[in-house]
1. Mean-square fluctuation check for the chain, GNM, Cα pairs under 10 Å: which of PHE164, PHE92, PHE250 is largest?
2. Tell me which GluC sites (Glu not before Pro) from the range 208-271 have a DSSP coil assignment and no more than 14 other beta carbons within 10 Å of their own.
3. Using the eigenvalues of the Cα gyration tensor, what equivalent ellipsoid semi-axes result for the range 96-165 when each is taken as the square root of five times the eigenvalue, whole Å, largest first?
4. Among ASP231, ASP170, which comes first, second and so on when ranked by fewest other beta-carbon atoms within 10 Å?
5. In the calculated pair distance distribution of the chain, what percentage of Cα-Cα distances lie above 24 Å?
6. Report the FRET efficiency, 1/(1 + (r/R0)^6), for LYS140 and GLU309, where r is their Cβ-Cβ distance and R0 is 35 Å, rounded to 0.05.
7. How much length is gained on full extension from ASP56 to HIS243, taking 0.36 nm per residue of separation minus their Cα-Cα distance?
8. Relative contact order (percent) for the range 238-332, with alpha-carbon contacts under 8 angstrom and 6 or more residues of separation?
Amino acid sequence: MNIELYPLKFEPIYQYRLWGGRKLANLLSKPLPNDGPIGEAWILSDRKDHASKVIDGSLKGYSITQLMKEFPKELMGRLAGRFDRFPLLLKFLDCKEVLSVQVHPSDDQKTYIPKGDTGKTEAWVVLETGNDSRIYAGLKNGTDKQNLRQAIQNHSLADKLHSFIPQSGDAVFIHSGTVHTLGGTVVFEVQENSDVTFRLYDWDRIDSKTGKPRDLQVDQALACIDFNQVDIGPVKAVIETHHTNTEKLFDNEHFILWRMKYKSPFKVGVKNEPTILVCLEGSAKVVCNANHYPISKGDVMLLPADIGECHVHPDAQINLLQIAIPGKDKSKRS
């Protein structure tokens, strides 16, 4: 099939969560379903059960799964062949109530990962906070497997967790093996393309849909915890030397993420690599090969590797995240 790829936008996939709310309606243009709690919008997902679909252009209706299969080189460039699925999962979370206390396995803990899946390292950018906002990230010093299990049994697990009150704009890195949860916040989340979660504790809640508590996986969770992950706080952004309106928030083996705030035109994208743009505030035109593609608050846009560099022309000030997938030798990637 002779189709030229272009900047691709995807339809968000909403997910019911008992801890969710209705605030994603303020972030995304797609209406929320019915009147239940919506905790997550999966804005770029290559999962079997939830695959994102292109919303416009000649590839409208194509899933990211189909694109990876039919246009691997055009989409992924020098990364083609490394991944069976698109390697990242992107979400917006509306955590009206606190999530379960949970942990995700690392890539090398194969015993706890379903075949074809990976571990899960993730990161958050805080978009909105409230009076009850709190992020739990890592354990308190001195916590071990024995006293943690005892705290779960005594319903006092929160006493073993490090926590802080987040501010809008905070960026938090959650390495696999880190005990974590959050509540009273709206965040953007980038993570490995994995849905493996083990719950330690769910605050003794009852799911209104089932009338029962949600299942816990305490033994698996304890086996996957990295007890060295303690007292995790917001990361310190790194201001780019020649681009003071650009700051690097995360740089690890799974993803690199920059936050860009500009009023005048600026460059995005990299030759022969895919780039993801997520618009947090404002609107703009993304100019590629003399064509203009609109992007506005809540949109995710995937720039295929074939496109390379593009220019963003903001309508006013724009707050944009740019996400890259590191190559095998991350040290050579700027």
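1. Evaluated over the chain, the most mobile residue of the options is PHE164.
2. Sites meeting the loop and neighbour criteria: GLU240, GLU253.
3. Equivalent ellipsoid of the range 96-165: 24, 20, 11 Å, largest first.
4. Least to most surrounded, the residues fall as ASP231, ASP170.
5. 55
6. Details: r = 46 Å, r/R0 = 1.30.
Plugging the Cβ-Cβ distance into 1/(1 + (r/R0)^6) gives 0.15.
7. Working it through step by step, the gained length comes to 64.1 nm.
8. Once divided by the residue count of the range 238-332, the mean separation gives 36 percent.
Only the coordinates and a few stated rules stand behind these numbers; no lab work does. Please read these numbers as outputs of a predicted model, since none were measured by experiment. Backbone-built Cβ (ideal geometry, glycine too); neighbour counts: all protein chains shown.
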